[in-house]
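Report on the structure given below.
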Amino acid sequence: MEAVVAAKPIIKVAALCGSLRKGSYNRGLIRSAIEISKGINGLHIEYIDIAPLPMLNTDLEGEGTFPPAVETFRQKIKAADSILFASPEYNYSVTAPLKNAIDWASRPPNVWGDKAAAIVSAGGGFGGGRSQYHLRQIGIYLDLHFINKPEFFLNAFQPPAKFDGDGNLIDESVNEKLKEVLISLQAFTLRLQGKQ
C-alpha cells in the first residue's frame, strides 16, 4: 500500500524591496527568491512594488478609506501569510520608501499583525545588517514575528562577483543561503498558523 503524502498548505509571501532602483541588488535578491520558491512545495512569493505609494499623510485618509494605491497595497499585505523584506541600509537604518510602506500598512487596522517575516539584505560593509536590526525593532510594535535564523547579510562588493550588471544574483552559494531563509520562513509561518 502506497503512503499518501499530504500536500503542504500554500504559504503566500509578500516580498518588499526597500530600494526603488531597478538594478538594486536587494531587488535582485527578491527576483532570485521568487525563482527559488518555484521549487519549494507550498510556497508562493509575490513582489509588491512600493514605489506608487504617496508619502504618508493622514490628510489623505477618509473615514476608513485610503488613497487607491495605498488600499491596494494594504489588501496585498493583509492577504499574505508572511512577509519577505529586502532591506538595504541607508544611514544605519531602513530606507525612507520602506518605512513609508510600513507606516501606511500600520494605519488602523494594522495589517502587519501576527504575520511571520524574514529579512534579507545586500550592500557594502555589514551587508545591510544594521537596517535589519532596526527593522526588527519596528516589527515589535507592528506585531510582526521575524525568523531568527538563518540571518542573511550579503556584502555585495566583496569578490567574487555576486550580481551581474542588471542586479541579478549570479552566485549559486548565495542562492543556497537564500533558499534556507525561505524554507525557514515557510516552516515558521506554518507553526504560527498552527499547521505544523
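Rule-based calculations on the coordinates, nothing more; no lab input. Just so it is clear, the structure is predicted and the values come from calculations on it, not from any experiment. Quick reminder, even Gly has a Cβ in these numbers, built from the backbone with ideal geometry, and neighbours come from all protein chains shown.
Just a few scattered comments:
- Tyr25 satisfies every condition listed in (1) on the phi > 0 side of the Ramachandran plot; (2) among the aromatic types (Phe, Trp, Tyr); (3) touching a Gly at 6+ places or on another chain (Cβ under 8 Å) except (1).
Residue-wise test of (1) buried (at least 17 other Cβ atoms within 10 Å of the Cβ); (2) not in a helix (DSSP H, G or I).
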| position | (1), (2) |
| --- | --- |
| Glu35 | no, no |
| His44 | no, yes |
| Pro54 | no, yes |
| Gly62 | no, yes |
| Leu84 | yes, yes |
| Pro88 | yes, yes |
| Lys99 | yes, no |
| Trp104 | yes, no |
| Val111 | yes, yes |
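- Qualifying residue in the stretch 22-33 (condition: exposed (fewer than 15 other Cβ atoms within 10 Å of the Cβ) and closer than 30 Å to Phe157 by Cβ): yes
- Within the stretch 175-196, the only residue that satisfies the criterion of being among the hydrophobic types (A, V, I, L, M, F, W, C) and without any contact (Cβ under 8 Å) to a residue 24 or more places away in the chain is Ala187.
- Pair list, Cβ under 8 Å, 6 or more apart: the stretch 75-87 residue under 11 Å from Gly18 (Cα atoms), other residue assigned to a strand (DSSP E or B) and among the hydroxyl-bearing types (Ser, Thr, Tyr): Ala86/Ser121; Ser87/Ser121
- In the set (1) in a strand (DSSP E or B); (2) surrounded by fewer than 13 Cβ atoms within 10 Å (Cβ to Cβ), the condition left unmet by Val120 is number (2).
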